[in-house]
Amino acid sequence: MIRTYSDLSALPTFEDRFQYLRLDGHVGHETFGFDRWLNQRFYSSQDWRRIRDKIIIRDGGCDLGIDGFFITGPIYIHHMNPLAQKDIIDLTSFLLNPEYLICTSKRTHDAIHYGCEPQNYEMIVRKPNDTCPWKS
């Protein structure tokens with residue numbers, strides 16, 4: 001099954017999106033271990049940095065692209081379809097195509113990969129100037 005942003009964005013809830021992306025502990029083994037240098041080189045490339053910024057803007061910095069689920073720590077860009085060594089060597093469309101990428105928090109990213117449930121979120125209700133306490 002090829003996971004896509006178009007299919008994901010049609011799912012209304014965080015739970016639905018999480019279940020769609022869940023890998024149940026399967027990690028793209030070929031990009032790890034002795035071959036880890038391949039994906040490290042890729043993740044430090046200018047191409048990756050450019051697409052990463054575009055995905056963060058598209059998703060508004062929200063976990064799984066759900067409005068209101070703002071990521072307060074580091075933002076991870078998750079490849080919806082696990083990468084293999086061949087994807088990096090051949091520069092397949094899975095690497096940089098926005099249709100296969102989504103913003104996640106670290107805990108959601110880990111939950112997708114390692115089969116655990118993400119912690120429940122509380123919706124943050126934003127108010128005017130709530131990030132500027134001196135402007136009350």
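The values are calculated or read from the model by the stated rules, or taken from the named source; none is laboratory data. Being a predicted model, the structure only gives us computed values, none of them experimental. Cβ placement follows ideal geometry from the backbone for every residue including glycine, while neighbour counts extend to all protein chains displayed.
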Fill in: the range 89-124, subset charged (D, E, K, R) and out of contact with any helix residue (DSSP H, G or I) (no Cβ under 8 Å at 6 or more places or on another chain), residue modelled with the lowest pLDDT
E122
Worksheet item: Which of the residues belonging to the range 74-86 are over 13 Å from the mean Cα position of the chain (by Cα) and either surrounded by fewer than 15 Cβ atoms within 10 Å (Cβ to Cβ) or without any contact (Cβ under 8 Å) to a residue 24 or more places away in the chain (or both)?
Response: K86
Worksheet, complete the sentence: Out of (1) in contact with a Ser or Thr (Cβ under 7 Å, 6 or more places away or on another chain); (2) more than 16 Å from Y5 (Cβ to Cβ), the one Y76 does not meet is (2)
Item to complete: Test each condition in (1) among the small types (G, A, S); (2) within 19 Å of T4 (Cβ to Cβ); (3) modelled with pLDDT of 90 or more for G68 and report the one that comes out false.
Response: (2)
Discussion item. Going residue by residue through the range 53-64, is there one that turns out to be crowded, with 19+ Cβ neighbours inside 10 Å, closer than 24 Å to S6 by Cβ and of a type in the set (D, E, K, R)?
Written reply: yes
